[in-house]
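Note sheet for the following structure.
Values in this text are rule-based calculations from the coordinates and carry no lab data. Keep in mind that what you see is a predicted model, and the values were worked out from it rather than measured. Cβ: placed from backbone, ideal geometry, glycine included. Neighbour counts: every protein chain shown.
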Amino acid sequence: MRYEINVDVSPAYPFSWQAAALNAIMRGTFKPASQLLLRTDIGFVAASRIVALAGRVPLRLPVHVRVTPDEAGPCPGEWVRAGEELDERKVLLYFHGGGYFVCSPVTHRSITWRLSAATRRPVLAVDYRQGPVHRPAEALADAIAAYRCLLGQGYDPADIVFGGDSAGGHLTLATLLALRDQGMPLPAAAVCLSPWTDLTGAPRRVNRMLDPMIPAGRVDWLARRWTAGLDPHDPLLSPVLGDYTGLPPLMVVTGSTEVLRDEGRRVVERARAAGVPVMYEEWPRMPHVFAILADIVPEARKVYSHIARFLAAAQEHRPAGEALPRDVLDRDLADQDLTAPDLSVSGLPVEDACTPGIPQARGMTSIRTKSPVSGCPRLTI
């Protein structure tokens, strides 16, 4: 019997005491700290440094996990392999979360090594550029460059899947939309964990009090910083407004009490309306990106088998003939610059598009377009 991937699921696992305790701890520490720090530039810098210091604390990984930094490619990151019998013909391209301002592949190894183990393939975690130094177009450029690099190394699109959490879920969806609009071959599937998809500033009323981790107002504050000077209604900035026609199967995982839950639901509705099969899983009382808590929370460990099952079924779901023949793909790639996607930074002078000391991507130009909604510049491909 074929595994159904276009369904809504609410896993009925018993709510563990570990999850209950952690929710209470976060409600009393992380949430009020975020309320306090994410209000001013000084507080924001302090929060960024605290997270950066935490990321330097060595995470004890299982002996079978190997991490290989990759600093020579178009977008620095790291390869994570959990086990020896992985299918090296396949890869999962992962985009970490952190509100586009904090975190890195290092902070999210508890996710990436488990994804490698569950899917039996290596994971490439992308160290994309983030704010406040960098801009949305640069993060998107890095994501596209990483995917093009995989294609250039000989990976078949049918053997590549995307994954991302929170802001990384946002980047996952934005990258799929951009690749589709560029006419590029798309990966076989994508998984979004608690995706942040609406940066328009619309009030978040759902789960404001129930979310144990994220203050709704601080999410809005981060969104305004990241989209400053751009049109937040652009689907590349708010994928919840995107047209999902032609995208591969998606899996969206949320917690029932998190403040970003409905953004994930709205993506599911838009994607299904466009004919995209979507597996939507809403886990009762789980916090934002609970998969990262697998060292502590039993439910978080269980989600990886769900992801593996979806990805295996999604790759089988691809209609015959949809994947580009390898020779056609090679010919297309030969005409493209695999190290620098042609991504324009709308409304930004060229000298402001990249930080001093970081080479500007070839093909980046200063093309100003206006949004019919707000008159603000938009990201253009």
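Annotation: amide H-H contacts under 5 Å for ASP165 (H modelled 1.01 Å from N, sequence separation of 5 or more, or interchain): PHE95, GLY97, LEU193.
The trypsin sites (Lys or Arg not before Pro) of region 155-262 that meet both conditions, a loop assignment by DSSP and at most 15 other Cβ atoms within 10 Å of the site Cβ, are ARG205, ARG208.
FRET efficiency for the pair ILE25 and THR68, taken as 1/(1 + (r/R0)^6) with r the Cβ-Cβ distance and R0 = 56 Å, rounds to 0.95.
So for each of 77-88, 96-107, 14-25 I average, over its residues, the number of other beta carbons within 10 Å; can you give me the resulting order with the highest mean first?
96-107, 77-88, 14-25
Among 165-171, 131-137, the peptide with the highest mean count of other Cβ atoms within 10 Å heads the list, and the full ranking is 165-171, 131-137.
Shape of region 205-280 from the C-alpha gyration tensor: oblate (a/c of 1.5 or more and a/b not above b/c, with a ≥ b ≥ c the square roots of its eigenvalues).
With a ≥ b ≥ c the root eigenvalues of the C-alpha gyration tensor of region 116-207, is it rounded (a/c under 1.5), prolate (a/b larger than b/c) or oblate? Here region 116-207 falls in the prolate category. Provide the percentage of antiparallel DSSP beta bridges, counting only those with both residues in region 191-311; round to the nearest 5. Antiparallel bridges make up about 0 percent of those DSSP assigns within region 191-311. If the chain linking ARG266 and ASP295 were pulled fully straight, counting 0.36 nm for each residue of separation and taking away their Cα-Cα distance, it would gain 7.4 nm.
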